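> Below is a structure I'd like to ask you about.
The values are calculated or read from the model by the stated rules, or taken from the named source; none is laboratory data. Just so you know, these numbers come straight off a predicted model, no measurement behind them. No Cβ is skipped: glycine too gets one built from the backbone with ideal geometry, and neighbour counts run over all protein chains shown. Surface accessibility is based on the protein's heavy atoms, side chains included, excluding ligands, DNA and RNA. Shrake-Rupley method; radii C 1.70, N 1.55, O 1.52, S 1.80 Å.
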Amino acid sequence: MTPPTGTRRARPAGSAAADVDKSAAALTEVLAAVPFACAAFDRGTGVRVAANCRFEGDLGTLPGHAQRDALLATLYGDVTGDARGEEVRAPGSGRWYALHWRDLDCGGRALSLLTAVDISERIETLDSHKSQQEKLLFTSRMMSVGEMAATLAHELNQPLAAIVNYLNGSLRLVDQAGGPVQVERALQAARTQAEHASAVIARVREFVRAREPRRDAQDLPLIVDTVLELLRLEAERLQLRVELALAPQLPQVYADRVMVEQVLLNLVKNAIEAMREVPAAQRGLRIEARVNLDGDVEVRVCDRGPGLSQAESEQLFSPFYTTKSDGLGIGLAICRSIIEYHEGRLFFEARDGGGSVFGFTLPTPDRRI
């Protein structure tokens, strides 16, 4: 019997399902030809309909990979809405992808097509260029610092030599006149510090000219005594208690004495400055030295200051980073360079009960490389 004009013949129920399967198979073949990770999701339900092998290999192991919203939550974490960018880092593999979404109608089905382009090499290249630029900037600034150091060393050398001569002359006059012992001791202490400053400047000039520092066996207790003597007046003015805890029969260290003195002097000065606002009764500086498990001599400078935050401790040794309002941020960076030159390491720890611990290690003469 011929159906009435204008009426549509009903399609078998299985025919629509077959069309869906055909469109899905065709879509899978198309996605297989795409050179990037690619997947299609149902625009209404968000369920993944098809994906190519690249998607399965790159993103198919992530939690929620079979559902659009769950996959986005995995890739972006807590970042939602407008804060989402096109570039994401896949958890697990750590690779970077540029995500692109397009709406697609396939076989009467509304789909969202996702392509994820691997841009890890580009990101690594950009990071490498940024790192090189930062190193060049740091090198430029350090060259400027070196030029200033060389100029200062030259300008200060002559006045210091004159100071030493005046002090020597004063000592002779005091000796001839039989002056007070206290005056003689004060002049001798002043001469010692002037001679030490002159030695430091001489080493700065050598360092700027990239000469090899002189390393040999040194007694660490003598280095500690020299540093504490230089800072004795400041410690007394701040009513600072200084405690020494040097292990008995401490072995010698293989080091350039003046350079190590500068490191220890910088750490002790930082510790003293950290306790300026601390009540006098709570101020305490402790210098420890012992042989660690690696056989190196480990020196620790412990203070009772306010301590450092996690963010500050992570950037401590970065060049030109400082927590001081009048600081240059090169002290700890230079200290680290000096200690690393000595085949040691410079480190920071939070002190139990409050405060900070800055320490470094030095090899013994029999362990030098």
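> Karplus couplings for segment 55-60 from phi (6.51 cos²θ - 1.76 cosθ + 1.60, θ = phi - 60°), rounded to Hz, Gly and Pro as x?
5, 4, x, 8, 10, x
> Accessible surface of W101 in the full protein assembly, 1.4 angstrom probe, to the nearest 10 Å²?
Here the residue's solvent-accessible area equals roughly 80 Å².
> Here's another thing I want to ask about it. What percent of all Cα-Cα pairs in segment 41-132 falls into each 10 Å bin, going from 0 up to the bin containing the maximum distance?
15, 46, 29, 9, 2, 0
> For G305, which sequence-distant residues (separation of 5 or more, or a different chain) have an amide H within less than 5 Å of its own amide H, given hydrogens modelled in the peptide plane?
S356
> Any chance you could look up the accessible area of F358 with a 1.4 Å probe, heavy atoms only, rounded to 10 Å²?
Solvent-accessible area, nearest 10 Å²: 30 Å².
> State the answer as a single residue: which of V268, I163, A190 lies farthest towards the positive end of the charge dipole of segment 148-298, with beta carbon charges of +1 for Lys and Arg and -1 for Asp and Glu, about the Cα centre.
I163
> Using a 1.4 Å probe and counting only protein heavy atoms, arrange R304, R89 so the residue with the most accessible area comes first.
In descending accessible area the options line up as R89, R304.
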